[in-house]
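A.B. asks: I have a structure I would like to understand better, so I am pasting it below and will then ask my questions one at a time.
Bear in mind that the values in this text are calculations on the coordinates, not laboratory data. All values reported here derive from a predicted model rather than from experimental measurement. Using ideal geometry, Cβ is built from the backbone for each residue, glycine included, and neighbour counts are taken over all protein chains shown.
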């Protein structure tokens, strides 16, 4: 039994990862422009969201496994 995704499943996965990346970046930017953006808590949250977005970008750049 193969665990490989169909092309349709791969496309849905990629779209979901890209959407999550974009949402993380949008949330980070929103935190950065708030009036209280200089507070350490806000800076940490923005940095965490940026890290999440970068990790998702790297995930999408990994080579795809060939289907058997």
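A.B. asks: Could you work out [θ]222 nm for the chain from helices alone, using -39500 (n - 2.57) per DSSP H run of at least four and dividing by all its residues? Round to the nearest 500 deg cm²/dmol.
C.D. replies: Rounded to the nearest 500, it is -25000 deg cm²/dmol.
A.B. asks: What's the FRET efficiency of residue 12 with residue 64 using the Cβ-Cβ distance as r and R₀ = 22 Å, to the nearest 0.05?
C.D. replies: 0.95
A.B. asks: Moving to a separate point now. I need two numbers for segment 3-52: Rg to one decimal and Dmax as a whole number, Cα atoms only, in Å.
C.D. replies: For segment 3-52, the Cα-based Rg and Dmax read 15.1, 48 Å.
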